[in-house]
1. Is there a residue being over 21 Å from the mean Cα position of the chain (by Cα) and not small (Gly, Ala, Ser) anywhere in segment 108-115?
2. Where residues in segment 67-76 are of a type in the set (D, E, K, R) and not in a helix (DSSP H, G or I), which of them is surrounded by the fewest Cβ atoms within 10 Å (Cβ to Cβ)?
3. Which of the residues belonging to segment 140-161 are under 14 Å from Glu174 (Cβ atoms), of a type in the set (Val, Ile, Thr) and either outside any helix (DSSP H, G or I) or touching a His at 6+ places or on another chain (Cβ under 8 Å) (or both)?
4. Within segment 107-127, restricting attention to residues that are assigned to a loop (DSSP other than H, G, I, E, B) and of a type in the set (Gly, Ala, Ser), which residue is farthest from Ser83 (Cα to Cα)?
5. Can you go through Val178, Val136 and tell me which one is surrounded by 17 or more Cβ atoms within 10 Å (Cβ to Cβ), assigned by TED's automatic domain parsing to the domain that holds Lys231 and modelled with pLDDT under 95?
6. Out of the strands (runs of 3 or more DSSP E) lying entirely within segment 163-256, which hold 3 or more residues that are within 26 Å of Lys95 (Cβ to Cβ) and either without any contact (Cβ under 8 Å) to a residue 40 or more places away in the chain or touching a Lys or Arg at 6+ places or on another chain (Cβ under 9 Å) (or both)?
7. Report every pair of residues separated by at least 6 positions or lying on different chains whose Cβ atoms are under 6 Å apart, first residue within segment 100-117 and touching a residue at least 40 places away in the same chain (Cβ under 8 Å), second aromatic (Phe, Trp, Tyr).
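The values are calculated or read from the model by the stated rules, or taken from the named source; none is laboratory data. Since this is a predicted model, take the numbers as computed values, not measurements. Reconstructed Cβ throughout: ideal geometry from the backbone, glycine too, with neighbour counts over all protein chains shown.
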Amino acid sequence: MRVSEFMSPNPLIINPDMNLLQALEIMAERDVWSPLVKSDRILGFLTERDLINTVVSQKIAPEQLSVADAASRRYGVVRPSDSYVDAASAMMKVKSRLVVMEGEEIVGVVTAADITRAYASSKSKVPLRPYATWSVVKIGIGESVERAVELMRRERIGCLLLEDEGEIVGIFTERDVVKGFLMGGGDYCDPVGKYATLKLITIDPNATLSEAARLMAENRVKRLPIVQEGKVIGIITARDVVEGIWRESTLGIMTP
């Protein structure tokens, strides 16, 4: 599958000089949470993690910052005719989202979720095991948002699993922090469960990467807890799937 078939077209582009609060309002209106940042040249992307690191964790009002104060200065470039394997390789090299260029024109962007969606129709039997994370970070459902954000930053992770009386009952992601807490005007003392996703989509540890990709695409999620005998033993993310595509392609197991 070619990039032109799975990219996100007509990307949201914001100016780096824009007030961050204005940018957030536009992002909420478009329901786009990682816009491209560009003036006369491409600067990078404004990601959920950027917002958590510069606004939420520092307890700074977004109107006090510009987009340039928060945005990441990283991006990769692919062409519409490139394959999803090419896109996975480019993404792993830059560790960032990709801009799709046709000549001098920006025609789209590619995220890990986009590549995962493209791979979902693959018949590959590559197991997910080598690419999953086999330790999970948990937090009590009644713990504060402040504590949750501190934990996510310290562990450099994009989600926490919510625990209630020894059972995993939900997941708290970077999207929940930005879209739910930040845009909802939440209080740092609020329980994390107020903003978390309490419906878990899970997968078996013996599943394949392509099965994980299909589950993510069908349910519009980027993370799947791995469950064995009723217990969460790991997690696999869209970025893990991209890494799997990239690594397996270098071994000749996958072809564009």
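1. no
2. Among them, the one singled out is Arg73.
3. Ile157
4. Ranking the candidates gives Ser124 first.
5. Working: Val178 fails: modelled with pLDDT under 95.
Going through Val178, Val136 in turn, just one is surrounded by 17 or more Cβ atoms within 10 Å (Cβ to Cβ), assigned by TED's automatic domain parsing to the domain that holds Lys231 and modelled with pLDDT under 95: Val136.
6. Details: elements: 167-173, 223-228, 231-237.
Those strands (runs of 3 or more DSSP E) span 167-173, 231-237.
7. Once the first residue is touching a residue at least 40 places away in the same chain (Cβ under 8 Å) and sits in segment 100-117, its partners that are aromatic (Phe, Trp, Tyr) give Asp114/Phe6; Ile115/Tyr84; Arg117/Phe6.
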